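In what follows, a single structure is set out as structure tokens and then discussed.
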Protein chains: 2
Amino acid sequence: MAAALRVLGIDPGLTRCGVGVVDVASNRSATLVHVGVIRSDPGEPIERRLATIAAGIRAVIDEHEPSVVAVERVFSQHNRQSVMGTAQASGIALLIAGERGLAASTHTPTEVKAAVTGYGAADKRQVQTMVARILRLDALPQPADAADALALALCHAWRGGAAVSPAAGALTPAQRAWADAERLARR
Amino acid sequence: MAAALRVLGIDPGLTRCGVGVVDVASNRSATLVHVGVIRSDPGEPIERRLATIAAGIRAVIDEHEPSVVAVERVFSQHNRQSVMGTAQASGIALLIAGERGLAASTHTPTEVKAAVTGYGAADKRQVQTMVARILRLDALPQPADAADALALALCHAWRGGAAVSPAAGALTPAQRAWADAERLARR
């Protein structure tokens, strides 16, 4: 693989915070480095839950040394209690990136789904399926938070990644991924 | 003053994060220890802004060694962009409390206003005025974020503070504060 960009994707959450690390080469092919979910106990006080999430994110950065962090952008939604915890967890993720001197960026769920499946309103199963194909995994990444974290990392690398030649630019990243996945499936 | 509880109040915000430290004695009298505002540059990336806020909060804790942290509870509101930044900053404040092993609690703006002014819908000026009276300050704490941080700290100490004797319990903390302030004003 050519010089790769190592991206840590974080799907922020208090109860389950998805973390996924991928290497994405300049030709846009991607390899799984790490995937997991950091959990915190809903029975614990919020300050300890956030400290648990922070410790988990720092451990992933220490072990895998990504050069950039991509975090899902949180919007105000119907479930107000839940969205505040999600926003707090996203703040922790961004803070840690800032403190480590890593570039950080946020992407909306629609951007992530569009980048990975070609369809901004894709459901969780479609995202899991495409992430597994793109990364040539034998099974779907579980739980969905873990798949979302990997999708975030892929989205970031593809959207902001290596310069695309005019010919290659004729394919969107998702189209390219489908083409790659189909080619691999035929082998 | 009898053994006092030292409380750090934090009014979370990205552009201006109010921080106030007060000592509250078992007789509920309160003394100003520190008040300030941590600012971050809106032109900076979010991850650096959060790191600036975190560094500022840590510096206050290092210098003044509070035993508890009170943070304003953030709700989903009309201004969605702003509330997400506020929620992220509140997550940072709670995280730092958790990492330092400090107890943390959150209070709603209504609870804070009611505790300090006796009126849950008090305006900023009323909060500033009462905070200045309670802490015997010569001037109103400025900006409003700083006054809110002090009000949060007072609210926390009074709501969760020392046991109140049955007789003393006949006065709410706000009523007591008014009585104290009026007595002081007559001196």
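Only the coordinates and a few stated rules stand behind these numbers; no lab work does. Note that this is a predicted model, so its numbers are computed, not measured. Cβ coordinates were reconstructed from backbone atoms using ideal geometry, including for glycine residues, and neighbour counts include every protein chain displayed.
Roughly what would the spin-label model give for A:Q142 and A:T108, points 7 Å off Cα along C-beta, in nm?
Between A:Q142 and A:T108, the label points sit 3.3 nm apart.
Just to confirm a number: summing +1 for Lys and Arg and -1 for Asp and Glu over residues other than A:V60 whose beta-carbon lies under 12 angstrom from that of A:V60, what do you get?
0
In 10 Å bins starting at zero, report the fraction of Cα pairs in segment A:49-136 per bin as a rounded %.
Result, from short to long distances: 15, 37, 40, 8 percent.
Once the other residues with Cβ under 11 Å from the Cβ of A:S105 are scored (Lys, Arg +1; Asp, Glu -1), what is the net sum?
Around A:S105, the surrounding residues sum to -1.
Tell me the distances, shortest first, between B:E65 and the same position across the other copies, using label points 7 Å along Cα→Cβ, in nm to one decimal.
B:E65 label point versus its equivalents elsewhere: 3.9 nm.
Would you list which lysines come within 23 Å of A:K113, measuring only between C-alpha atoms, while excluding same-chain residues fewer than 8 positions from it?
Partners found: A:K124.
Go through segment A:1-91 and name the GluC sites (Glu not before Pro) that are in a DSSP coil and have 16 or fewer other Cβ atoms within 10 Å of their Cβ.
Taking segment A:1-91 and a limit of 16 other Cβ atoms within 10 Å, no loop GluC sites (Glu not before Pro) are found.
Quick one: compute the contact order of segment A:1-119, relative version, from alpha carbon pairs under 8 angstrom and 6+ residues apart, as a percent.
Details: 202 pairs, mean separation 31.1, N = 119.
Computed value for segment A:1-119: 26 percent relative contact order.
Rank the residues A:R49, B:R133, B:R125 as a footprinting-exposure proxy: fewest other Cβ atoms within 10 Å of their Cβ go first.
Least crowded to most crowded, the residues run B:R125, B:R133, A:R49.
From the label point of B:L137, set 7 Å along Cα to the beta carbon, how far off in nm is each other copy's matching point, shortest first?
5.2
List, shortest first and in nm to one decimal, how far the label point of A:P45 (7 Å from Cα along Cα→Cβ) is from its counterparts in the other copies.
Relative to the other copies, A:P45 has label-point distances of 3.3 nm.
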